[in-house]
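Reading through the structure tokens given below for one structure.
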Amino acid sequence: EDKAAAFIAEQKERIAQVEEKVSRQEPLKVLVYDFGGEGVYTCGGTNFETLLIEKAGGKNIFDDVTDKQWFLASYEEVLKREPDVIVVHDYDVPSLEEKIKSIKNDPGLSQLACVKNEKFIPITLESVLPGARMAYSVELLAQGFYPELFN
């Protein structure tokens, strides 16, 4: 129990440090990209990943979608919401490289400033699920959102 309590305290402290560091930043608009096709498979506002994004100083562009954890967003809706960065899930197939190539080659997504400026933040899928990686995930996202604060 002592080890568990110490681990939890350390996790909370690490997250608090990130929150303090990003607290004076305007939250970046974040698109979560799980995969594409007929649209972008992404997460809604009640998804745990949205909480991680918020703690890292971002705002899920689909945080207003509260009736679905995961859903297919139209490309038109993604373009309308103009994300500042894209968090790309890195797992199995297709590879991270294939996903980023697909985003860059999409006629609509390729027009986004974040795509032109290669504002991609790769993260493993298991890192955005509830578990012992929460502090690490918040740190990784914040470093991707605001690299100038973490140099």
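The values are calculated or read from the model by the stated rules, or taken from the named source; none is laboratory data. Bear in mind the structure is a predicted one, so any value in this text is a computation, not a measurement. FYI the Cβ positions are ideal-geometry reconstructions off the backbone, even for glycines, and counts take in every protein chain you see. The protein model used for the area step is the full one, side chains on, heavy atoms only, and it has no ligands, DNA or RNA in it. Shrake-Rupley method; radii C 1.70, N 1.55, O 1.52, S 1.80 Å.
Across the stretch 92-151, counting alpha-carbon atoms alone, Rg and Dmax equal 13.5, 38 Å. A full extension of the chain between Tyr91 and Ala132 corresponds to an added length of 12.9 nm, given 0.36 nm per residue minus the alpha carbon distance.
Working from Cα pairs under 8 Å separated by at least six residues, relative contact order for the stretch 15-144 is 28 percent.
When the Cα convex hull of the chain is projected onto planes of every orientation, the mean area is 9.6 nm².
Accessible area ranking (1.4 Å probe, heavy atoms, ligands and nucleic acids excluded), largest first, for Arg133, Arg81, Arg24: Arg24, Arg133, Arg81. Solvent exposure of the chain, expressed per residue, is 55 Å² of accessible area, with all protein chains present and a 1.4 angstrom probe.
Here the accessible area of the chain is 52 percent carbon and sulfur, with a 1.4 angstrom probe and all protein chains present. Taking 0.36 nm per residue of separation and subtracting the Cα-Cα distance, full extension of the segment from Lys29 to Lys68 would add 12.1 nm. For the stretch 8-85, the alpha-carbon radius of gyration amounts to 1.19 times the rule-of-thumb value 2.2 N^0.38 Å expected for a compact globular protein.
Take the cross-link list Lys29/Lys80; Lys55/Lys99; Lys59/Lys116; Lys12/Lys59; Lys29/Lys99; Lys29/Lys101 and give me the ones stretching past 18 Å between alpha-carbons. Lys55/Lys99; Lys59/Lys116; Lys12/Lys59; Lys29/Lys99; Lys29/Lys101, as the Cα separations exceed 18 Å there.
Model label sites at Ala6 and Asn151, defined 7 Å from Cα along the beta-carbon direction, differ in position by 3.6 nm. With the simple model of a label 7 Å out from the Cα in the direction of the Cβ, Glu77 to Glu19 spans 2.9 nm. Projecting the Cα atoms of Gln11, Gln69, Gly108 onto the dipole axis of the chain, where Lys and Arg carry +1 and Asp and Glu carry -1 at the beta carbon, places Gly108 farthest toward the positive end.
Our note on the geometry: Cα centres of the stretch 87-102 and the stretch 5-75, 18 Å apart.
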